[in-house]
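Read-outs throughout are calculated quantities, based only on the coordinates presented, and are distinct from any laboratory measurement. Fair warning: this is a prediction, and the values are worked out from it, not measured in the lab. Heads up, the Cβs are rebuilt from the backbone with ideal geometry, glycines too, and the neighbour counts pull from every protein chain shown.
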Amino acid sequence: MAQIKQLYGSAVALVRPLLGAPGVRGIALLGLCAAYLQGGFNKLTDFAGAMAEMQHFGLRPAGMFAAGTIALEFGASLMVLAGIYRWIGALVLAGFTLMATFIANRYWELLPPERFMAANSFYEHPGLVGGFLLVAWHDIRESAA
């Protein structure tokens, strides 16, 4: 047991300078927000495609939902990245991701092989939700200290 604790302590000492570097937090937050920034950019540059996507998922009026999605993806991501009410931006993206998962990845309605890919995508999204909940939790704890 003592050897395991010593090995663990050595591993922490080795990794701490890397993970404790100032830029790592920003890179991690950018990684969490990357899909939303890319999605917002794609929808903004192909608004007709964004509206077609909304119609495909039964969201009407499509233009309003597309514009709202763009604003949400950019706005909440910028809140997270800039640290301005980061916890609110993180909760918005968590809620949006959870809702979008049930709208866009209804794998139980599909037949194989599409079901397999949609199920994988469905179950990956709770990981993003958890990541955003962790960001919100950390931000709230940090602001209380």
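Counting Lys +1, Arg +1, Asp -1, Glu -1, what net charge surrounds Gly75 among other residues with beta carbon under 15 Å of its beta carbon? Each step should come with its number before you reach the end.
Details: positive: Lys43, Arg86; negative: Glu73.
Net charge around Gly75: +1.
What does the net charge come to around Met117 if you take all other residues with beta carbon closer than 13 Å to its beta carbon, with K and R at +1 and D and E at -1? Spell out each step's value before the answer.
On the way: positive: Arg106, Arg115; negative: Glu114, Glu124.
Once all neighbours under 13 Å are counted, the net charge is 0.
Listing Met51, Met1, Met64 from the residue with the fewest other Cβ atoms within 10 Å to the one with the most, what is the order?
Numbers: Met51 20, Met1 5, Met64 12.
So the ranking, lowest neighbour count to highest, is Met1, Met64, Met51.
Filter the DSSP H helices in the chain by two things, a Kyte-Doolittle mean of at least -1.0 and an axial alpha-carbon span of 20 angstrom or more, and list the hits by number. Kindly include the intermediate steps, with their values, before the conclusion.
Details: long enough: 2-19 (25 Å, 0.78); 22-45 (33 Å, 0.72); 62-82 (29 Å, 1.62); 86-104 (26 Å, 1.67); 114-144 (46 Å, 0.07).
For the chain, where a helix must reach 20 Å along its axis and average at least -1.0, the hits are 2-19, 22-45, 62-82, 86-104, 114-144.
For His138, neighbours were defined as the other residues whose beta-carbon sits under 12 Å from its Cβ, and their charges (Lys and Arg +1, Asp and Glu -1) total +1. Listed from fewest to most Cβ neighbours within 10 Å, the set Ile140, Ile84 follows the order Ile84, Ile140. Going by a ≥ b ≥ c, the root eigenvalues of the Cα gyration tensor, does region 25-144 fall in the rounded group (a/c under 1.5), the prolate group (a/b larger than b/c) or the oblate group? Oblate shape, in that a/c is at least 1.5 and b/c is the bigger or equal ratio.
Among Trp87, Trp137, Trp108, sorting on how many other beta-carbon atoms sit within 10 Å of each Cβ, with the fewest leading, yields Trp108, Trp137, Trp87.
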